[in-house]
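What follows draws every value from the coordinates through simple rules; no lab data is involved. Owing to the predicted nature of the structure, the values given are computational and were not obtained by experimental measurement. Note that we place each Cβ from the backbone using ideal geometry, even for glycine, and neighbour counts take in every protein chain shown.
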Ligand code: GLY
């Protein structure tokens, strides 16, 4: 009788039990997978791994122009950071250099920050190579050409995109990540105007991209002459008013980084608001569905909506950093614990690729409305996963998360 009474609680405990994070085991796994990827890469472009679609084992390769081109070189820099093996440094250098033309060509997209800061930015942090610094400073100036002072943000897509009312001005939430390059450049020999552009972009986005509950629109379209907001819409999410998981994770990461760079408390407060609404609405395993409002996601039986492991990896990395800024010790610890739990789940058999394919992770969703990269392995999930693991390791060792070798 006694057993019958406690059994449901034991079972409940099992269902919600969180796996523990073994950070070195997970990092070693990443190094082993990276070695497998490396062994099968083409010798000429396109040779940057982007995705492995569900049911396949072969990478799709892209060249330096693709928005995700910085993630493989960036991943290699993180592998070098963990192993300190010069073999990985040489690979990271070589793949980063493939992206060099982006610094000196006309900006065709806002993604330059993603591309160049994940690759050369990490390279500079770990090696101090002056070539990388020159390339990054030139890229920051190139990115700044997309800034519209009447609107106060950087244009994301300088071309017609359905529903964006071209030639009006569009800005997507993802663009917050590109600000890191501008902040860095303004403090390392670039124009001070780059700092002002980054702050203006973060502030204007804070004022226009969020609903009263702090969930974000993926895209805001502005009148390019008056700067007035025309509309908030989605591009990769379920609906204009829904919380697209990766969009919100870019917001969490972007405002945490903006606080680091500005030390303006309004950004720290905002980073917590956009994190809290995301955390409150997560499923029990802390890995979001691709959109928090996708059909059936709120129903108790949780149907087979695709997950987005990439959003979880981005968020875990950001929350680890946020936990170092929040003064309320209980709240800071909550962010850190949640991030470690996310990483523990991502490191389980349910999410690691292991023998399924050579990527680090399964179950990311790129662009569900286009039916592209649904429940797939994607390079940015791997990049933010290894970044977050390194951050978790450094925090355990009481080192700064951006520390050098
Ligand atoms: N920046 C594009 C995406 O997150 O899919």
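Figures for the structure shown
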read-out: Separation in nanometres of the label points that stand 7 Å from Cα toward Cβ, at residue 240 and residue 284; value: 3.7 nm
read-out: log₁₀ of I(q)/I(0) at q = 0.10 Å⁻¹ - the chain, Debye sum with one point per alpha carbon; value: -0.63
read-out: Shape of segment 213-365, Cα gyration tensor, a/c cut at 1.5; value: oblate
read-out: Gain on full stretching of the segment that runs from residue 187 to residue 32 - 0.36 nm per residue minus C-alpha separation; value: 52.2 nm
read-out: Per-peptide average of other Cβ atoms within 10 Å, ordering 45-52, 250-257, 150-157, 220-227 highest first; value: 250-257, 150-157, 45-52, 220-227
read-out: For segment 42-84 versus segment 236-264, the gap between their alpha-carbon centres in whole angstrom; value: 24 Å
read-out: Point-to-point label distance, residue 304-residue 230, nm (Cα→Cβ direction, 7 Å offset); value: 4.0 nm
read-out: Tensor-based shape of segment 196-270 (alpha-carbon gyration tensor, a/c under 1.5 rounded, otherwise prolate or oblate); value: oblate
read-out: Within the chain, percent of DSSP bridges classed antiparallel, to nearest 5; value: 100 percent
read-out: Over the chain: helical MRE at 222 nm, DSSP H runs n ≥ 4 each giving -39500 (n - 2.57), nearest 500; value: -15500 deg cm²/dmol
read-out: Kirkwood hydrodynamic radius of segment 311-405, from inverse mean 1/r over distinct Cα pairs, in Å; value: 14.1 Å
read-out: Cα centroid separation, segment 141-197 to segment 366-404 (Å); value: 23 Å
